[in-house]
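Visitor: Below are the structure tokens for one structure; questions will follow.
The values are calculated or read from the model by the stated rules, or taken from the named source; none is laboratory data. In this text the structure is predicted, and so the values were computed from the model without any measurement. All Cβ positions, even for glycine, are placed from backbone atoms using ideal geometry, and neighbour counts span all protein chains on display. Side chains are part of the model used for accessible areas, which takes the heavy atoms of the whole protein and leaves out ligands, DNA and RNA. Shrake-Rupley method; radii C 1.70, N 1.55, O 1.52, S 1.80 Å.
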Amino acid sequence: MDLIDISMVISTEMSTYKGITARKPIIEVTSTIEHGSNESRLSFLSHTGTHVDAPWHYGSKTKNEKALTVDQIPLEELYLDGVVLDLTALKGTGVAITREHLEEALLRIDYKLKKGDAVLLRTDHDLMPLTSPMRYNYPGLTADSATFLAESGALVGGTDAMGFDRPFHVMIADYQQRGDKSRIWDAHYAMRN
């Protein structure tokens, strides 16, 4: 199996969730060769750039067990066979990625998910300028579509969009219309079970 590094380059100019400047990395030179060696301090939030949402991110319990923090996830669980699902037709819509969208994307590449796969959602939102409002209107998963991936064998999921769930403004509008708070961050919370 080939290892493909999908990490973003860490820099002070990298994109952050919702474009919040305070989330950008801080890279500070702490000493220079004149002082004996070149050293830097790097500081950033765990949700900056390429990152893992550990089960603890969703809550303190997963399946009635103590949820793992990111440092407790075995590295082997992140080195997996992967499949990229092309969802670029949904780019800029802010719509819910449904089970049907996922099934169609799998059918187009003639792939059946197997236990332990990593599923990467391609939306092309990472290619949009940081200042474009469209970048923040990405398609996202719901509890039903996230559960479909997990029940089909996916162990890890990823996206090139700013979030895995639907955009926050879409979730809030859904909540205001239905009055059902379970529709906020529902793809994230589905993974508690």
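Visitor: Look at Met162 and say whether it is out of contact with any Gly (no Cβ under 7 Å at 6 or more places or on another chain), crowded, with 20+ Cβ neighbours inside 10 Å and part of a loop (DSSP other than H, G, I, E, B).
Guide: Against the criterion (out of contact with any Gly (no Cβ under 7 Å at 6 or more places or on another chain), crowded, with 20+ Cβ neighbours inside 10 Å and part of a loop (DSSP other than H, G, I, E, B)), Met162 qualifies.
Visitor: For the stretch 133-159, which residues satisfy the criterion of being of a type in the set (Gly, Ala, Ser) and open to solvent by 60 Å² or more (accessible area, probe 1.4 Å)?
Guide: Those that are of a type in the set (Gly, Ala, Ser) and open to solvent by 60 Å² or more (accessible area, probe 1.4 Å): none in the stretch 133-159.
Visitor: Being within 18 Å of Thr16 (Cα to Cα) and without any contact (Cβ under 8 Å) to a residue 60 or more places away in the chain narrows it down to one residue among Thr123, Thr142; which is it?
Guide: Every option except Thr123 fails the conditions.
Visitor: Of all residues being among the hydrophobic types (A, V, I, L, M, F, W, C) and in a helix (DSSP H, G or I) in the stretch 148-159, which is nearest to Trp56 (Cα to Cα)? Just the residue, please.
Guide: Across the stretch 148-159, the extreme among qualifying residues is Ala150.
Visitor: Take the residues of the stretch 165-186 that are touching a residue at least 12 places away in the same chain (Cβ under 8 Å) and outside any helix (DSSP H, G or I): which is surrounded by the fewest Cβ atoms within 10 Å (Cβ to Cβ)?
Guide: Ile184
Visitor: Same structure, new question: Mind listing just one residue for me: the one in the stretch 45-91 that is in a loop (DSSP other than H, G, I, E, B) and modelled with pLDDT of 95 or more and, of those, most open to solvent (accessible area, probe 1.4 Å)?
Guide: By that ranking, first place goes to Lys91.
Visitor: For the stretch 12-35, state whether one or more residues are on the phi > 0 side of the Ramachandran plot and either in a loop (DSSP other than H, G, I, E, B) or surrounded by fewer than 10 Cβ atoms within 10 Å (Cβ to Cβ) (or both).
Guide: Checked against the condition, which is being on the phi > 0 side of the Ramachandran plot and either in a loop (DSSP other than H, G, I, E, B) or surrounded by fewer than 10 Cβ atoms within 10 Å (Cβ to Cβ) (or both), the stretch 12-35 yields no hits at all.
Visitor: In addition: Which of (1) at negative phi; (2) open to solvent by 50 Å² or more (accessible area, probe 1.4 Å) is the odd one out, the single condition Asp110 does not satisfy?
Guide: Just one mismatch for Asp110, condition (1).
Visitor: Hey, can you tell me all the residues within the stretch 37-76 that are under 29 Å from Ile20 (Cα atoms) and among the β-branched types (Val, Ile, Thr)?
Guide: Of everything in the stretch 37-76, those that are under 29 Å from Ile20 (Cα atoms) and among the β-branched types (Val, Ile, Thr) turn out to be Thr48, Thr50, Val52, Thr69, Val70, Ile73.
Visitor: Return the only residue of Ala89, Ala67, Ala105 being in contact with a helix residue (DSSP H, G or I) (Cβ under 8 Å, 6 or more places away or on another chain), farther than 21 Å from Met171 by Cβ and not acidic (Asp, Glu).
Guide: Ala67
Visitor: Report yes if Asp110 is modelled with pLDDT of 95 or more and assigned to a helix (DSSP H, G or I), otherwise no.
Guide: For Asp110, the condition - modelled with pLDDT of 95 or more and assigned to a helix (DSSP H, G or I) - is not met.
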